[in-house]
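One structure is given here, and the rest of the page talks about it.
Here, each number is a calculation from the coordinates, and none is a lab measurement. Keep in mind the model is a prediction, meaning the values are calculated, not measured. Neighbour counts run over all protein chains shown; Cβ positions are idealised from the backbone, glycine included.
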Amino acid sequence: MASETKPIHRSKLLTHPLGGGQAGVLRESGLIDNERGMYDAWSRGLTVHRVLNYRTKGKSPVELTNLIYDQILHSAILGFKTIGGGSGPNDKARVCIVREDGLGKPSPPFQAFRARTSLISSLSLSSSRILLVLGQNSSAGFVCTVDVPRDVDNVWDVQSLDGGLKPFSRSYWASAANPFSQATSFAIAASCGAIILNESQSGNQSWWKREFGERFLHPDTPAVMSVDWLSPHVVIKGCIDGGVRLWDIRSRGESRESRIQHPSQINHARRVDENTIVVAGLESQLCTYDLRFESDLATHGQVTRPFHRFPSYENVDLGHLATGFDVHGDLVAAVTDDGRIIIWDVKRGFELKQVRLGSAKPTGDAICVRFVDRGSVGKGLTLMAAAGVTIDEFAW
């Protein structure tokens, strides 16, 4: 009896340039010996499809303002604001979770809580699965932590931190969880400087401890608009005056002078590796800087010479500080004022891909971008973009 033959279907993961497979064999053989070819092939193979369309029938219209991804639960964590809403309880911003099996469905199940704020400025998730929520109201900032529930039917465990931080700052712009530490630790960018929140535990009890640098609340301290962790103990602070300052939290020692002087106000300052940071600001300024270079010019108020400059980045509006920018290794995705999404290889200094979302409006709808590793569902590295009430995914 003749054996039955069936066609062999090659998995996308085998040909994914960042996922091993064919590209991995070529790299090992020396036929591909540079990252540029891998990233270029990855960007060329991206196609876009819609994974979420949130419809609010009979309710106040909403708009997505924040997007992060929980790799443990394979869930999207979203921030919404009410458009043209008032001050009632139904007009507060919301934080929602959509599980992986809900993405791509017309009406996925949501798990949500209402924050006591009209606008969520930042969402950060620690490795211990504590979510830090920062918000902006007309008169004061909003801070709370959330134990992200593992089950859809579980209740959100929300802990407000307003009372411990309100006397110090009225505006909280951005936050970053420490990726190097197993303990829960967040850096917060505030109008009066940077703040560190550390979770302390004793037995079954836990509480939050605040840490401030020696120049916190100093009259000459500029507002911090962006934070990131350069190392387990060093925080990058991107300031409103264009200065990038480093803070070693072990000694509370904050640099009074800028380590780097960017040409314009900073919206985002992020780590690429231990020696390189990428800075995005106003006046269409997106640059990378090598921290190993001399920094004498910054101490005299002059602009630091960048390692790479990316002229295709166009941003002259402040926009939403916590959205529109993300970093994954050497890759950076950013949103411009006219609604374009651009992906660069910032380590090597070239543009990979540029697309425009049809639903985006110039300086209008917020657009959130987030690199997501979805290897568990066979997609490898993807880029999610949220605008209005929809989320599109660029994937292989």
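Structure data summary
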{"quantity": "Burial ordering of F350, F212, fewest other beta-carbon atoms within 10 Å first", "calculated": "F350, F212"}
{"quantity": "Listed residue pairs exceeding 25 Å between alpha carbons, taken from K237/K353; K237/K347; K92/K209", "calculated": "K237/K353; K92/K209"}
{"quantity": "Chain lengthening between D373 and S181 when straightened (0.36 nm per residue, less Cα-Cα)", "calculated": "67.1 nm"}
{"quantity": "Three-way shape label, the stretch 207-247, alpha-carbon gyration tensor, a/c 1.5", "calculated": "oblate"}
